[in-house]
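A short write-up of the structure that comes next.
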Amino acid sequence: MSTERRRPYPYDQIEPKWQERWESARTFHAPNPGDPGFDPARPKYYVLDMFPYPSGAGLHVGHPEGYTATDIIGRYKKMRGCNVLHPMGWDAFGLPAEQYAIKTGQHPSVTTAENVGRFRTQLKKIGFAYDWQREVNTTDPGYYCWTQWIFLRLYHSYFDPFLQKSRPISLLEDALADEPKRTDEWKDDDYLAGLRAHSGDLPPERRRAVREAIIDHHRLAYVSEAPVNWCPALGTVLANEEVIDGKSEVGGHPVERRPMRQWMLRITTYAQRLIDELDGLDWPESIKLLQRNWIGRSEGAEVQFTVAGSEEKITVFTTRPDTLYGATYMVLAPEHPLVERIVTEEQAGAVEEYKEKTARKSDLERTELSKEKTGVWTGAFAINPVNVERIPIWIADYVLLGYGTGAIMAVPAHDERDWEFARKYALPIREVVSDTPTLGLGGGSSPCQAEPLEVFVGEGYAIHSGPLDGLSTADAKVEIVRQLTGRGLARKTINYKLRDWLFSRQRYWGEPFPIVWEDGKHRALPDTHLPVNPPPLDDFKPTGTGEPPLAKATQWVRYSDKATRETNTMPQWAGSCWYYLRYCDPVNHNRFVGVDAERYWMTGTVEQPAGAKVRPGGVDLYVGGTEHAVLHLLYARFWHKVLFDLGYVSTPEPFQRLVNQGIILGEDGQKMSKSRGNVVNPDDVITEYGADALRCYEMFMGPLEQTKPWSMAGVEGVARFLARVWRLAVEENQAGEWVLSSALQDIEPDKAQLKVIHATIKKVGEDIESLGFNTAISQMMIFVNTFTNANPRPRKALRSLLQVLNPFAPHLTEELWERLGFDENGAKPLATEPWPAYDAALLVEDEIEIVLQVNGKVRDKIIVKKEASKEEVEAAARASSKIAEWTAGKEIKKVVVVPGKLVNIVVAG
RNA sequence: GGCGCCGUGGUGAAAUGGCAGACACAGCGGACUUAAAAUCCGCUUCGGGGAAACUCGAGUGCGGGUUCAAGUCCCGCCGGCGCCA
């Protein structure tokens, strides 16, 4: 007995056949400007997927969802005459490969190569129209060479706050030099001129050190000693976002705070541009909002307090300077440097103990609103600049050193955290904002002694605030800042929640830094020394001390007699920050991307663009998961802007249009996971139903952006549709061979058929443009249902169907295209044929159905001529006997006629 | 707690403010078949009336509002998801 399952059509033969043909004919190779076959007359279209991390588990059906969507767009744009860039590659550095290496002793490069191989094989079986000659891998020396090169550009650049752009640090160096040589390049730059003036008075012996400090303080890549999230189990530091509830995101190991020397990237300098320049992008508003919130701009003021009985000053950042009269105590972050200097002897013990406790908590734990507030009094007092009151200075872990100035004025009546804290420690609470404008008008009222019953955080009118009384919150803010600024005690500032990017990891499987250390100072390696390859290691285990695994390669670490290499590696984000640029020119040995290739694929122009660019983003369509809504997209935008400012790329933004595909759940409606056992492997779907069915089902499930559960029964339904397409063209003969269907004839389609043909061409094209793939497939199903029983069946109709179905089911349609002999001029694949045109005139009916409503309810339907006037339609409606019944004896108050649609008769009663 | 997104048949879903449920899945019935599978055709939101053709009513999470007309727009709830706290 044969175990061979009867297939509805021979996809198992068709699919490999066409995959081989496309590959050998290089059907989807996109030549660059200057390459043979490049046609500058065609518009470019760059359609990109977020490249995968090639895990050991292989693909699941979630991966091909976005990939299929972009593939359909890419194939469609090609048929529309575009030069299409549609590449794929591997984000292959990362922790899992290293963890696996630790467990098995197998080198990460070996497992990475195996995993990449498996992923590539799986993707090829789905028939994606990738230009495989453009495949990139972040772990190839030829790739990470340029990741390191970009890092050096960051290292060698500073952000000019006046110009709001990055410039080479050599300019800043020149501006600080004893004898500047490039004054003409920076003399108009007030920022550099100011820096020069500022450092000019130094005595010669200190000059050098101060200048170096200024320079390092400006580099976009810099070294910091800040406390970091150290995970002993993983043996590495983690970014804040990699820590969840005090545990590592990977593996759930405990994470502690520990000060360590780390590389940081000064992304905060770009905070304003990262907000502002979202405006020109075609991204979902929700994603823009997520980015804006993440950057967290807040306008406020810095206000200076003095420490009582001392020269020390405390600067606080507040968004509510209008509440200054309600400040009844101050709070410093426990690690604030001032704490040591102001703490009194009696309180020293308690403060020290509290600082130790705090050191073990993560920022997230510390700021959790629900957690009970804790703190300790330092014993010191500050003077409130507005009313010269002595207020106690506390330390509390709900104030972070990293945000604002690391110090706050506490206004318990109008801030929830201050309120809780004040209640707990019995600190005074003074109401200074009222939600009604009546209170406190007239000004100069004495401070209120009665404490409010509840916290009020909203805006209102100032009370008990001396000269501010009666002013609205907005006006009071302006007024108090104006007054204090005049006395040199405040200034308006803008604060961002965004932190600088912690850019080093204590890992093996990542890009080494092109940096060496000598006499405690860092120094960049010259570009010509790139790539810096990781040393061969047999033991990838963490050292346990915080020292990165690379430190074990003592030979490698020793750079020269005096200098040693940096042993940290870059985080996984690094490689994915610029891969879309490398795709434009993946094998260039001289530049991270060729000038012409970059300009063409990012802007569409072959020559230097004459005028201003219309669109800021380069990639025309970028599809990927929401999980990268903030980090990857923010980091990539940051790098891109630096490269743009320095003149290396042509657009200010990397991605013009962004779409997030939804998550595909298991059949049980749960998230797919190995432990739940609900993971669906695309290989199995292909074996059972074919790649075209997989592709079409992925698209037919529902809207691309939506989360939706997998259904094998649904796949079967789509496979049935494809089999029906197959049988429109061919039928099985007595010998069981597929031969051209006897129903096919070279006849003209009838009127109804013509309408379906042209409606389908129209709808499928429009739906692809708007990413409505599910409804495009529905329309093609309607087409097939129309023609299934047509006998004779016009051969011509199939031509159109195959053309519009091709991007969805490329193998099946190519095969039928060939069998039906549509490839007249010989062996030209359907994929390279133009997209069909539709005739709008054929879509218009001579007679239209009009819905007749009485008071909005459908009561009858009539057929009228297409060109019938409003009056004629209304007359026809009134002539309907059903309408007469429903309106009998009632006063007709109004008649609404919507041409071509309906008539609504409004009656009284 | 704040912000954002989403709630439509048994299921996935469709619907420029204009006939709610296209297209599928599942189910039911029929044709073909000795039989089954496959295939083709039909029915399939709920409730009432009718032998039937059909007909009446209700219906897009809940409650209001705007409009001749609301799944769609506005306000307030409830539930789910995501992000931030």
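Summary table below
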| quantity | calculated |
| --- | --- |
| Nearest-0.05 FRET efficiency for A:SER778 and A:LEU665, computed from C-beta distance (R0 30 Å) | 0.85 |
| Amide H partners (placed H, <5 Å) of A:GLN745, local residues excluded | A:ARG793, A:ARG795 |
| Debye intensity ratio in log₁₀ form over the Cα atoms of the range A:755-909, taken at each q of 0.09, 0.18, 0.20 Å⁻¹ | -0.48, -1.00, -1.13 |
| Exposure proxy ranking, count of Cβ atoms within 10 Å, fewest first, for A:VAL243, A:VAL110 | A:VAL110, A:VAL243 |
| Estimated translational D of the range A:66-108 in µm²/s (Stokes, Kirkwood radius over Cα pairs; 25 °C; 0.890 mPa s) | 186 |
| Pairwise label distance in nanometres, A:GLU416 with A:SER199, each label 7 Å out on the Cα-Cβ vector | 4.5 |
| Stretchable slack from A:GLU607 to A:GLN164, in nm (0.36 nm times residue separation minus alpha-carbon distance) | 156.7 nm |
| Cβ-based exposure ranking for A:LEU740, A:LEU802, in which fewest neighbours within 10 Å come first | A:LEU740, A:LEU802 |
| 222 nm mean residue ellipticity, helices alone, for chain A (DSSP H n ≥ 4; -39,500 (n - 2.57); rounded to 500) | -10500 deg cm²/dmol |
| Over 41 Å [Cα-Cα, chain A], rounded percent | 53 |
| Contour minus Cα-Cα distance for A:GLN106 and A:GLU372 (0.36 nm per residue) | 91.0 nm |
| Rg/Rh (Cα only; Kirkwood hydrodynamic radius) as it applies to the range A:266-328 | 1.19 |
| Kirkwood Rh (inverse of mean 1/r, distinct Cα pairs), the range A:725-842, angstrom | 14.7 |
| Estimated distance in nm for a label pair at A:THR554 and A:GLU225, the labels positioned 7 Å out from Cα along Cα-to-Cβ | 2.8 |
| Degrees, to the nearest 10: A:795-805 long Cα axis against longest axis of chain A | 10 |
| Burial ranking of peptide ranges A:569-577, A:268-276 (average Cβ count within 10 Å, highest at the top) | A:569-577, A:268-276 |
| Neighbourhood net charge (13 Å Cβ-Cβ; Lys/Arg +1, Asp/Glu -1) for A:THR112 | -2 |
| Exposure proxy order (Cβ contacts within 10 Å, fewest to most) of A:ARG42, A:ARG637 | A:ARG42, A:ARG637 |
| Rounded FRET efficiency, nearest 0.05, which uses the C-beta distance separating A:LYS247 from A:ARG676 and R0 of 25 Å | 0.75 |
| Positive-end residue of A:VAL906, A:ALA879, A:GLN853, charge dipole of the range A:845-907 with Cβ unit charges | A:VAL906 |
| Simple label model, 7 Å out from Cα along Cβ direction - A:THR319 to A:GLU451, nm | 2.6 |
| On Cα atoms only, tilt of A:631-645 relative to the major axis of chain A in degrees | 80 |
| Of A:LYS77/A:LYS901; A:LYS521/A:LYS552; A:LYS77/A:LYS165; A:LYS755/A:LYS866; A:LYS165/A:LYS187, pairs whose Cα-Cα distance is over 24 Å | A:LYS77/A:LYS901; A:LYS77/A:LYS165 |
| Highest to lowest packing among A:199-208, A:642-651, scored as the average C-beta count within 10 Å | A:642-651, A:199-208 |
| Within chain A, percent of DSSP bridges classed antiparallel, to nearest 5 | 75 |
| Highest to lowest packing among A:310-318, A:142-150, A:92-100, scored as the average C-beta count within 10 Å | A:92-100, A:142-150, A:310-318 |
| Simple Cβ-charge dipole of the range A:297-496, Lys/Arg +1 and Asp/Glu -1, about Cα centre, in debye nearest 20 | 360 |
| Placed amide H near A:ARG859: partners under 5 Å, 5+ positions off or other chain | A:LEU852, A:GLN853, A:VAL854 |
| Long-range HN-HN contacts of A:ALA410 with modeled amide H, under 5 Å | A:THR328, A:TYR329, A:MET330, A:VAL331 |
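Throughout, read-outs are computed from the coordinates displayed, never taken from laboratory work. On a predicted model such as this, the values are computed, not experimentally measured, just so you know. Here the Cβ is made from the backbone with ideal geometry for all residues, glycine too, and neighbour counts use every protein chain on show.
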